[in-house]
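Worksheet: one structure, shown below.
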Amino acid sequence: GNMTASGQTAVPEGLAWGWRVISPTVPFTEGVPYTQDDTIKAIILMTDGQNEVYNFSAYGYPADHLGSNTTQALNNKLTHISNNIKAIQNTNGDDAIRIYTIAFGDPPQNIVNLMKHCATEPGNFFNSPTNDDLKNAFESIAIGLNELRVSR
């Protein structure tokens, strides 16, 4: 069927849940410890739009919890979460989690810049305005993860 994007965008929710799934702590305890150096943990975060929440979301009613400028509040949350993830290191001093980010379609420039910042390193950010660019981004991520796996 045809899929049409509409509605709200809360990128920090996606990043937070991605982190929760691969972490060794609750609510998902199946993740190996961050210190297990032979494991590669990676999050691929993609958005096609601005952080905007109008109605009830994981944050409750936006004005009650995020203030009047929900976009800026969500942008700040995204930066905070990504900084916390990037601060986690394994016993070798390497990043315990690699964050890959993709700006798909034509999101506003401030989101493109934010996604660049959220990536673990500049080469982990992909600007993907077209479907072909998106396919190439995922191929590059797969190749990069495979090379990292082989090098370990």
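The values are calculated or read from the model by the stated rules, or taken from the named source; none is laboratory data. Quick caveat: nothing in here was measured; it's all calculated off a predicted structure. As a convention, Cβ positions derive from the backbone with ideal geometry for all residues, glycine included, and neighbour counts pool all protein chains shown. What goes into the accessible areas is simple: the full protein's heavy atoms, side chains included, and nothing from ligands, DNA or RNA. Shrake-Rupley method; radii C 1.70, N 1.55, O 1.52, S 1.80 Å.
Quick notes
- Selection from the range 98-123 of residues that are more than 11 Å from the chain's Cα centre (by Cα) and either within 26 Å of Q36 (Cα to Cα) or free of Cβ contacts under 8 Å to residues at least 12 places away in the same chain (or both): Q109, N113, E121, P122, G123
- Restricting the range 1-44 to residues that are among the charged types (D, E, K, R) and modelled with pLDDT under 85 leaves a set whose member that is least open to solvent (accessible area, probe 1.4 Å) is D37.
- Listed by first and then second residue, the pairs linking a residue in the range 126-152 that is more than 25 Å from G49 (Cβ to Cβ) to a residue that is exposed (fewer than 14 other Cβ atoms within 10 Å of the Cβ), with Cβ atoms under 7 Å apart and 6 or more places separating them unless they lie on different chains, are R152/D38.
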